[in-house]
1. Loosely packed, with under 13 Cβ neighbours inside 10 Å, at pLDDT 95 or above and under 24 Å from the mean Cα position of the chain (by Cα): which single residue out of I146, I109, I133 fits that description?
2. Residue by residue through the stretch 85-99, note down the ones that are aliphatic (A, V, I, L, M) and either surrounded by fewer than 19 Cβ atoms within 10 Å (Cβ to Cβ) or out of contact with any helix residue (DSSP H, G or I) (no Cβ under 6 Å at 6 or more places or on another chain) (or both).
3. Restricting to the stretch 126-151, what's the tally of residues that are among the hydrophobic types (A, V, I, L, M, F, W, C), over 14 Å from T92 (Cα atoms), touching a helix residue (DSSP H, G or I) at 6+ places or on another chain (Cβ under 7 Å) and part of a helix (DSSP H, G or I)?
4. Considering only residues that are assigned to a loop (DSSP other than H, G, I, E, B), touching a residue at least 12 places away in the same chain (Cβ under 8 Å) and surrounded by fewer than 14 Cβ atoms within 10 Å (Cβ to Cβ), which ones fall in the stretch 32-80?
Amino acid sequence: MQKIKTEVKWALIFVGMTLAWMVLEKVTGMTSTNIDKHYIFTNFIAIPAIAVYVFALLDKKKTDFGGNMSYKQGFISGLIITAIVTILSPLTQYITSVIIVPEYFPNIIKHAVAAGLMKQADAEAYFNLQSYIVQGLIGAPIMGLITTAIVAIFTRSKSKG
């Protein structure tokens, strides 16, 4: 456990950032009055998500590798963070959907149907807790892998010579 202390810390920070983002979406009306703009706004979570990975790998480099970290070391560290975030994603989604924004699913279903984007049954099948948990279990490792692969390039130590 001591070997992955930094990764656990940053995975928990990532989860905290995600929950804070959901609160931001709620207070800005993205899950209610401004739900028609939600599909655009929600993508901006990529900015703090990438920032968390950058800070995580820089912390790993400084704290655990004495300032000298290879691409492989950074990549493995990022994968560990991603694995922890993925394991926690059902709980994160539950907290989001049940506690923070319980109005989201009914509102997005209503919007999707009213805008002619989906039929009622299709919207109900897509916009629900179970569906979002599955999407999170698929999306978290994919996005984490891509983010890690890129961020590890920029946070690795440059070879001398």
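1. Numbers: I109 fails: loosely packed, with under 13 Cβ neighbours inside 10 Å; I133 fails: loosely packed, with under 13 Cβ neighbours inside 10 Å.
None of the others qualify; the one that does is I146.
2. Residues of the stretch 85-99 aliphatic (A, V, I, L, M): 85, 87-88, 91, 95, 98-99.
Within the stretch 85-99, I87, L88, L91, I95, V98, I99 qualify.
3. So the answer is 3.
4. Correct list: G67, N68.
The values are calculated or read from the model by the stated rules, or taken from the named source; none is laboratory data. Nothing here was measured: the structure is a model prediction, and the numbers come from that model. Backbone-built Cβ (ideal geometry, glycine too); neighbour counts: all protein chains shown.
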